[in-house]
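Below: one structure, written as structure tokens.
Nothing in this text is a laboratory measurement; each read-out follows from the coordinates by a stated rule. As the structure is a prediction and not an experimental result, all values here were calculated from the model. Quick reminder, even Gly has a Cβ in these numbers, built from the backbone with ideal geometry, and neighbours come from all protein chains shown.
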Amino acid sequence: MDADAKGEKADVSQGLKTWIQDLRETAYSIEDVIDEYLLHLGNSTSKISDIQKKVVKLKETSSTYGFISSVQPGSGGRSTSAPWHDPRVTSLFIDDAEIVGIGISKRKLTSRLVEGTSKRTVISVVGMGGLGKTLLQEVIQMEELLRNMSKKFYQSRKEAVPEGINTMDQSSLMTLTRQYLQDKKLEELSLDIVKRCGGLPLAIVAVGGLLSRKEKLIPEWKKFNDTIGFLFLYLAIFPEDYTIRCRPLTRLWIAEGFVKAKRGVTLEEVAEEFLTELIHRSLVQVSNVSADGRIKYCHVHDLMREIILTKAEELSFCCVMGEETSSLMEDLGAYQFIIAQIIFNLLKVLDIDDSGLDSVTENLGNLLHLRYLSLRNTKVRMLPRSIGKLQNLQTLDLRFTLVEDLPVEINRLKKLRNILVHNYDLDRDLGWLSVKGVQVKEGIGCLEELQKLSCVEANHGVGVIKELGKLRQLRKLGITKLTRENGEHLCASITNMNRLESLLISSLSENEVLDLQYISHPPSCLSCLQLVGPLEKLPDWVSELQNLSRVSLCGSNLMNDPVQVLQALPSLQILQLMRASAVEELCFDATGFQKLKRLDLLDLMGVKRAKIENGALPLLEELSVGTCPQLEELPPGIRHLTRLTTLEFLNLQEELKLSMGIGVSSSPQWQ
């Protein structure tokens, strides 16, 4: 039988727990020795010998705890013994309809428990084996727990307890409790659920089952497969009340090796499916969702985190340092120490976000097993050339750092899936979004597994731009400092990116025109498009993007109304126009923007009027209007936006402020 499953039982001995712990530690040691062998780190012979002795000892003592080898000599790998299960456990999950032959005994025992003396009494249930003594006790216990729970629910709200509750059977009690919970606010009940259960695990399980959306009532740990269990345990590394960024979390799972590939599905998509499953099981809670429905941030409830920490410590899954220990890491020398010491050469993840780190030593190249390196929001200016040794690196996160140039050795890292190097600087006065990228060298086209590349400077020769066309697996691409003459070359490369989902293109300067008319077959999967820089015309291919859900135009200064093209896009949910048009009137037709939820109209210097017809923007929830000095009146069609929850005005003229104060509804958030 599985060691971990057997160790989960409440009645196991300390000796068995120790044996399971030794087994787990030995398995970890085997994994480390294999990694060291692959790295050619020293002589592993002595370590292998020690492990062999441990395995022999563990095997000799295994029979003491009821473990029987499932593979015998000469068996050809076939199991020779079926796993043993306690047959009494199944009685916990038998429906009332399946229980026969104990009705009279159950009524007698229930009567003595309910109507008997108030003094402490011992009631013995005796009989020969097979009569159903254990089953009878379990049924009575479950009924009593449900009965007490139901009474507490009603009493807590000072409501009358239903008549006949003392004689109800398990099925009736389940129906009563479920009906009660459906009529009340579950959120309030959940806050006191543990207290009301009186610490009884069976009661917690019963009520948890009633609140669950799942049909099965087995505790969540029993239902997990190995993968989802490890992903859940991994959340122990985050501090209490920490808001977790979902995209980096899935990349961490992949780097740790918890996510396995599936045919036709990327590792990132598999990881997102697992995160969605954890959310559906209410083990992870959503903190923030974007207007297009994408989950951006999540968190773990305090009580759930305590369970995770306990389980992670029990399984030697990870070590979470306390405040006193973690304060040591505030010394920047500690990070350099980690990189320099051979003891950390098996490290897979190095995440030094939001620290004061300003440099990385050449010893970084010693971390040959490193798969994930994040220096996000640090003061690091350059990477050592030794980074070219990190042949297993999958994610390089340099967002919001001072790095401007990637060493050519990056092009050796064939397993790279994510290169994230970008920064944003929004100048509200000029109405200009400055997107900062990084210079890469020719040879970048060899990184054929790249999923995300954001952002690359395009003003260092046409060679790099042409090589981008080799990156056919790209899902996200960011380009900065694009010149007009290189627009056609970039379009040719983008045409090869059939799987592209997100595209950002920024011009060399606010006066450099983006010439992007040359994409003959735009990526059909494209869902996010951001164009920063002047446009003589909105590219014709934009109207073909049926899956486009987000569009951002900044500094476009279009002479034609972009709304006329964009409002026909069937999937558009977010539209941001920032200094995007020089027209005097924007017109939102009655049939336009049928799925749009967020609309930002900012720094439209020439706009005098915005016409919103009845029927347009039926799902709009957020509307921001800012710095439109020529605007003559507030769009009267705003009254048609019945779904609107947030209406924000920035730098509004005084006369419009006065007109807005007349008859303003208190429903939206007027700012």
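Leu631 sits among other residues whose Cβ lies under 9 Å from its own Cβ, and their net charge, with Lys and Arg +1 and Asp and Glu -1, is 0.
Taken one residue at a time, the phi angles of segment 463-476 give Karplus couplings (6.51, -1.76, 1.60, θ = phi - 60°) of x, 5, 4, 5, 5, 4, x, 7, 8, 7, 8, 4, 9, 9 Hz. Gly and Pro are set to x.
Here are some pairs, Lys17/Lys151; Lys311/Lys476; Lys379/Lys415; Lys537/Lys611; Lys476/Lys597; which of them have Cα atoms lying more than 30 Å apart in this structure? The pairs that break the limit, which is 30 Å between Cα atoms, are Lys17/Lys151; Lys311/Lys476. For labels at Val513 and Glu273 in the simple 7 Å Cα→Cβ model, what's the distance in nm? Output for this residue pair reads 4.7 nm. Close amide H partners of Leu482, meaning residues 5 or more places away or on another chain with modelled amide H under 5 Å apart, are Ala458, Ser506, Ser507, Leu508.
Taking 0.36 nm per residue of separation and subtracting the current Cα-Cα distance, fully stretching the chain between Asn166 and Glu306 would add 46.8 nm.
Stretch Gln630-Glu544 to full length: gain in nm at 0.36 nm per residue minus the Cα-Cα span?
Numbers: separation 86, 0.36 × 86 = 30.96 nm, distance 3.28 nm.
Answer, rounded to one decimal: 27.7 nm.
A simple spin-label model places pseudo-atoms 7 Å from Cα toward Cβ; at Gln439 and Val56 they are separated by 6.2 nm.
How would segment 591-652 be classified by its alpha-carbon gyration tensor: rounded, prolate or oblate, with rounded meaning a/c under 1.5 and the a/b versus b/c comparison settling the rest? Here segment 591-652 falls in the prolate category. Once backbone amide H atoms are built at 1.01 Å from N, Lys611 has Leu586, Cys587, Phe588 as its partners under 5 Å, excluding neighbours fewer than 5 places away on the same chain. Spin-label model, Asp241/Asp589: points 7 Å from Cα along the beta carbon direction are separated by 5.2 nm. A cut-off under 9 angstrom between Cβ atoms defines the neighbours of Gly533, and their net charge, with Lys, Arg +1 and Asp, Glu -1, is -2. Fewest-first ordering of Tyr242, Tyr372 by other beta carbons within 10 Å of each residue's beta carbon gives Tyr242, Tyr372. With all pairs of different alpha carbon atoms counted, what Kirkwood hydrodynamic radius in Å does segment 520-671 show? Computed over Cα pairs of segment 520-671, the Kirkwood hydrodynamic radius comes out at 15.8 Å. Val464 sits among other residues whose Cβ lies under 10 Å from its own Cβ, and their net charge, with Lys and Arg +1 and Asp and Glu -1, is -1.
Computed from backbone phi, the HN-Hα couplings of segment 481-488 come to 6, 7, 9, 4, 5, 8, x, 5 Hz, rounded to whole numbers (Karplus: 6.51 cos²θ - 1.76 cosθ + 1.60, θ = phi - 60°; Gly and Pro given as x).
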